[in-house]
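Since the structure comes first, as structure tokens, the remarks are kept for the end.
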Amino acid sequence: PTREVPALVVEGATVRFAGLTAMDAVSFTVAPGTIHALIGPNGAGKSTCFNVLSGVYRTASGCVRFGDVDVTALPPHRIAALGVARTFQNIVLTRGTVAHNLMLGRHTLTRAGFTATALRLPSAVREQRRHRERVREIAEFTGLGDRFDTQVDLLPYGDRKRVELARALCMEPKLLLLDEPVAGMNTAERVAMAQTITAIRDTLGISILIVEHDMGLIMRIADEVTVLDFGRRIGGGTPEHVQSDPAVIRAYLGT
Ligand code: ADP
Ligand code: MG
């Protein structure tokens, strides 16, 4: 029987800052085509974990594999090129239209060099047109179709969060890291975002690792959950299992 290669394996990952262990031998696996939630109280090490996975922080020990590839020592751009895209806890967009921001997401996929593009060589023009078509599709998919030419500064908060997500999708990732995708959203925006996230899994087949404080949302959309507290993995499993795990409940109640 052929073994299915996990989308992501984190094995004994440890990260230390001066006098503080932000991740303490953390291990977990994300199965392909699933939504895996990383939860835990403030300071648990969730954002640190994302920074490790995207190559921004280095582990003191342990390793990270993306599919078959050991990415533990790779710089951020190499990891991104392998198909790992992320969104940030705080929105990071560039001034300009939605279309402009999404085209920036295509940057790593652009083959034509800067000069060919600047000279508007036919091959470069064709490539740009293909990118533009795909970006338009992704805008439709993420509910931004009628905002394509709108300046991002003029969009409501919920739509700006969507632009971040759409830009990450424009990198055609295999694994998507979402850091608090519904933080600051109202109920209607949360419901719509949850639908988009499950559609990314079900329609596009992309594996998703999500950090989110909205437990109701996690329980509805996650296939599997890993729980961190003070840098340690204190529990994990199905949402139902985690919800009734005494160690997890204790961590959240802070007793
Ligand atoms: P979470 O995202 O789960 O709230 P973080 O990963 O942001 O937690 O933080 C985990 C711990 O690591 C916290 O105690 C935080 O203060 C510390 N930490 C995070 N990043 C740094 C850094 N760059 N330098 C020093 N300490 C950090
Ligand atoms: Mg955080």
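The values are calculated or read from the model by the stated rules, or taken from the named source; none is laboratory data. Computed from a predicted structure; not experimentally measured. Using ideal geometry, Cβ is built from the backbone for each residue, glycine included, and neighbour counts are taken over all protein chains shown. We work out accessible area using only protein heavy atoms, side chains counted, and drop any ligands, DNA or RNA first. Shrake-Rupley method; radii C 1.70, N 1.55, O 1.52, S 1.80 Å.
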TODO: Of the options Gly12, Phe141, Asn101, report the single residue whose Cα projects farthest towards the positive end of the charge dipole of the chain (beta-carbon charges: Lys, Arg +1; Asp, Glu -1).
DONE: Asn101
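Quick one: plug the Kirkwood hydrodynamic radius of region 205-255 (C-alpha pairs) into Stokes-Einstein at 4 °C, 1.567 mPa s, and report D in µm²/s. Provide the component values of the computation, followed by the final result.
Numbers: Rh = 11.6 Å.
It diffuses with D of about 112 µm²/s by this estimate.
In the chain, carbon and sulfur make up what percent of the accessible area (probe 1.4 Å)? Spell out each step's value before the answer.
Values: 6650 of 12500 Å².
Carbon plus sulfur share of accessible area: 53 percent.
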TODO: With all protein chains present, calculate the accessible area of Cys49 using a 1.4 Å probe and round the result to the nearest 10 Å².
DONE: 0 Å²
Task: Rounded D (µm²/s) - region 142-255, Kirkwood Rh over Cα pairs, Stokes-Einstein at 37 °C, 0.692 mPa s - done: 211 µm²/s
TODO: With the Cα gyration tensor of region 1-127 in hand, give its eigenvalues times 5 under a square root as the equivalent ellipsoid semi-axes, listed largest first in whole angstrom.
DONE: 33, 19, 14
TODO: Find which of Leu119, Ala80, Leu228 sits farthest along the positive direction of the dipole of the chain, computed with +1 on the beta-carbon of Lys and Arg, -1 on that of Asp and Glu, about the Cα centre.
DONE: Leu119
Task: Cα centre as origin, Lys/Arg/Asp/Glu Cβ charges: the chain dipole, Debye - done: 880 debye
Task: For region 1-77, with +1 on Lys and Arg beta carbons and -1 on Asp and Glu, the positive-most of Thr59, Phe28, Val69 along the dipole - done: Thr59
TODO: With a 1.4 Å probe and every protein chain left in place, work out the accessible area per residue of region 163-255 in Å², rounded to a whole number.
DONE: 42 Å²
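With both partners inside the chain, how many of the DSSP beta bridges are antiparallel, as a percent to the nearest 5? Provide the component values of the computation, followed by the final result.
Numbers: 20 of 37 bridges.
Around 55 percent of the beta bridges assigned by DSSP in the chain are antiparallel ones.
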Open item on the list: I'd like the accessible area for Val9: 1.4 Å probe, protein heavy atoms, all chains in place, Å² to the nearest 10.
Closed with: 10 Å²
Open item on the list: Report, to one decimal in Å, the Kirkwood hydrodynamic radius for the chain based on all distinct Cα pairs.
Closed with: 19.1 Å
Task: Rg/Rh ratio calculated on Cα atoms of region 85-188 (Kirkwood radius) - done: 1.00
Open item on the list: Applying a 10 Å radius around every beta-carbon, put 179-186, 15-22 in order of their mean neighbour count, most first.
Closed with: 179-186, 15-22
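Using Cα-Cα distances under 8 Å and only pairs 6 or more residues apart, what relative contact order does region 163-219 have, in percent? Mind showing how you got there, number by number?
Values: 44 pairs, mean separation 25.9, N = 57.
Once normalised by length, the contact order is 45 percent.
Would you kindly give the portion of the calculated P(r) for region 123-172 that falls above 11 Å, as a percent of all Cα pairs? Spell out each step's value before the answer.
Numbers: 832 of 1225 pairs.
Within region 123-172, distances greater than 11 Å cover 68 percent of Cα pairs.
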